[in-house]
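Step one of this worksheet: look at the structure below.
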Amino acid sequence: MGTVVQIVFVDSTSADTVQKLERLGHNCTILSSEQRLALEDHVTSADVVVVRSTSITRDVIAAAPQLGLIVRAGAGTDTIDLDYASEKGVYVCNVPGQNAVAVAELTLGLILAIDRQIPAAVSDLNRGVWNKDTYSRARGLKGQALGILGMGKIGLEVTVRAASFGLSIHTLARSGRDQVTQQKLEQLDVHLHETLEELLKAVDIVSLHLPLTDETRGMVDAQFLSHLRHGAMLINTSRGGLVNENDLTQAMADRDIRVGLDVYSSEPISGSEDWNTSLSDHANFIGTHHIGASTDQARQAIADGVFEAIGEYQVGVPTNCVNIAGRPLGECAITVRHKDEVGVLAGVLSCLRLAGINVQQMRNEIFEGAGPTAAIATIRLSQAPNPETIEILETLDNVLRVDVLGAS
């Protein structure tokens, strides 16, 4: 990749973002819906691919020999072959959290629409039917229990808004939550449950805000639905693959489960076409067109995040990279303090190679000072070096000291 970056926007994008990138001298290509159908043919010279909902498969990555970065304009990366991207040394970065408010707003909109039967009421008015008796039957949200599965940024935004309606909020107890999240859950008096079954039996509404993984795929099945109260609501604005739609259809018929969906197990490729789902014929179903993140505010925030991600990649520090190991690797680490001179690290790496030791992670930092300064390289290794290797490292030109750190 040179100073001019070849950027392919697979899905439609902000014209402002494209203009800013082109003003920096980069070449931007925005694919049409027809070009997306033959995606491999249109990424052959791409350094960067930006994608929203289109799948980036192994074949697409293999067709782009210059590819160094895939930016997901949003949070979820389940439509990208992360394993193959990692195999080919391609960064995959996302833009998390920027659509959280938009998705949360739609989630509450679906809940309100179901409770007050808004879609059916509007449909009757459009047909010239006045039916106040039917549409006066609403329970109201205050005091109902809302279970949120997935307490990330979107789940938290839903929590804040739902609490303002007087809903009591329930979620699963999880270790490892950051302090800010934990404090917010305590402030909003969120009820924590040890098991999924316990949570489902305690709530009137369940809202899904989970990524699609091997563990979550099809999790909303007959057993899951059997724990819900008769007439409960299920809301999904995250990933269609979380739901077994056949089991859901049966639960709608047998247990009067009311459903609000923005996502589906199978969706059209293009933005506009004839399409139907087996759920749409049921009176307990309302749905939208996978538009959770589709507000002007969210689009602009995501576009800004894409622009930042490409800029950071250019200077070698890609942000929000989901396929770089975030944990220490290797059996141990060494620190090499050295003069900031040409060739020092090359000598260190050559010595390790001759010893049959693989470098798994490495960071080199320069000390600040008025005159010539030193640097320190922290190198995580596949195995601990023996004393002879350490001795050789310490005798290399411009190496000041070598320390062996403990295993992670």
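General observations
- Single residue of Glu308, Glu312 found to be on the phi < 0 side of the Ramachandran plot, in contact with a Cys (Cβ under 9 Å, 6 or more places away or on another chain) and free of Cβ contacts under 8 Å to residues at least 60 places away in the same chain: Glu312
- Val259 being part of a loop (DSSP other than H, G, I, E, B), under 16 Å from Val206 (Cα atoms) and in the same structural domain as Lys201 (by TED's automatic domain parsing): no
- Residue among Ile56, Ile148, Ile80 that is touching a helix residue (DSSP H, G or I) at 6+ places or on another chain (Cβ under 7 Å) and either under 21 Å from Gly241 (Cα atoms) or of a type in the set (Ser, Thr, Tyr) (or both): Ile148
- Among the residues listed as Ala309, Ala293, the single one being more than 26 Å from Gln117 (Cα to Cα) and surrounded by 19 or more Cβ atoms within 10 Å (Cβ to Cβ): Ala309
- For the range 4-16, residues that are closer than 16 Å to Tyr313 by Cα and either assigned to a helix (DSSP H, G or I) or touching a residue at least 60 places away in the same chain (Cβ under 8 Å) (or both) total 3.
- Qualifying positions in the range 276-332 - closer than 26 Å to Ala121 by Cβ, in a loop (DSSP other than H, G, I, E, B) and in contact with an Asp or Glu (Cβ under 8 Å, 6 or more places away or on another chain): Thr277, Asn284, Thr288, His289, His290, Ile291, Gly292, Thr295
- Those residues of the range 20-39 which are within 19 Å of Val4 (Cα to Cα) and of a type in the set (D, E, K, R), in sequence order: Lys20, Glu22, Arg23
- Residues (more than 34 Å from the chain's Cα centre (by Cα), in a loop (DSSP other than H, G, I, E, B) and either surrounded by 11 or more Cβ atoms within 10 Å (Cβ to Cβ) or not assigned by TED's automatic domain parsing to the domain that holds Arg337 (or both)) located in the range 368-385: Thr373, Ala384, Pro385
- In the set (1) surrounded by fewer than 16 Cβ atoms within 10 Å (Cβ to Cβ); (2) part of a loop (DSSP other than H, G, I, E, B); (3) at pLDDT 90 or above, the condition left unmet by Ala253 is number (2).
- 1 or more residues within 29 Å of His209 (Cβ to Cβ), touching a Gly at 6+ places or on another chain (Cβ under 8 Å) and in contact (Cβ under 8 Å) with a residue 24 or more places away in the chain: qualifying strands (runs of 3 or more DSSP E) within the range 24-86: 48-51
- Looking only at residues of the range 306-326 that are modelled with pLDDT under 90 and of a type in the set (Gly, Ala, Ser), we find that the one that is nearest to Asp81 (Cα to Cα) is Ala325.
- Sole exception among (1) under 29 Å from Val4 (Cα atoms); (2) without any contact (Cβ under 8 Å) to a residue 60 or more places away in the chain for Pro387, by number: (1)
- Pick from the range 166-195, criterion aliphatic (A, V, I, L, M) and closer than 19 Å to Gly97 by Cα, ranking: modelled with the highest pLDDT: Leu185
- Taken together, the criteria exclude Glu391 from residues that are under 27 Å from Val317 (Cβ atoms) and either touching a strand residue (DSSP E or B) at 6+ places or on another chain (Cβ under 9 Å) or of a type in the set (Asp, Glu) (or both).
- Meets criteria (touching a residue at least 24 places away in the same chain (Cβ under 8 Å), in a loop (DSSP other than H, G, I, E, B) and buried (at least 16 other Cβ atoms within 10 Å of the Cβ)) for Ala102: no
- Residue list for the range 198-219, restricted to those being β-branched (Val, Ile, Thr) and within 18 Å of Val103 (Cβ to Cβ): Ile205, Val206, Thr216
- Complete set of residues in the range 23-56 that are among the acidic types (Asp, Glu) and either surrounded by 13 or more Cβ atoms within 10 Å (Cβ to Cβ) or modelled with pLDDT under 95 (or both): Glu34, Glu40, Asp47
- Subset of the range 110-119 [surrounded by 17 or more Cβ atoms within 10 Å (Cβ to Cβ) and farther than 16 Å from Gly166 by Cβ]: Leu110, Ala113, Ile114, Gln117
- Matching entry among Asp214, Asp204, Asp178 (being of a type outside the set (Val, Ile, Thr) and surrounded by 14 or more Cβ atoms within 10 Å (Cβ to Cβ)): Asp204
- Test: residue in the range 88-96 that is over 20 Å from Leu242 (Cβ atoms), β-branched (Val, Ile, Thr) and free of Cβ contacts under 8 Å to residues at least 24 places away in the same chain: no
The values are calculated or read from the model by the stated rules, or taken from the named source; none is laboratory data. All values derive from a computational prediction rather than experimental measurement. Counting neighbours? That spans all protein chains shown, and the Cβs are built from the backbone with ideal geometry, glycine included.
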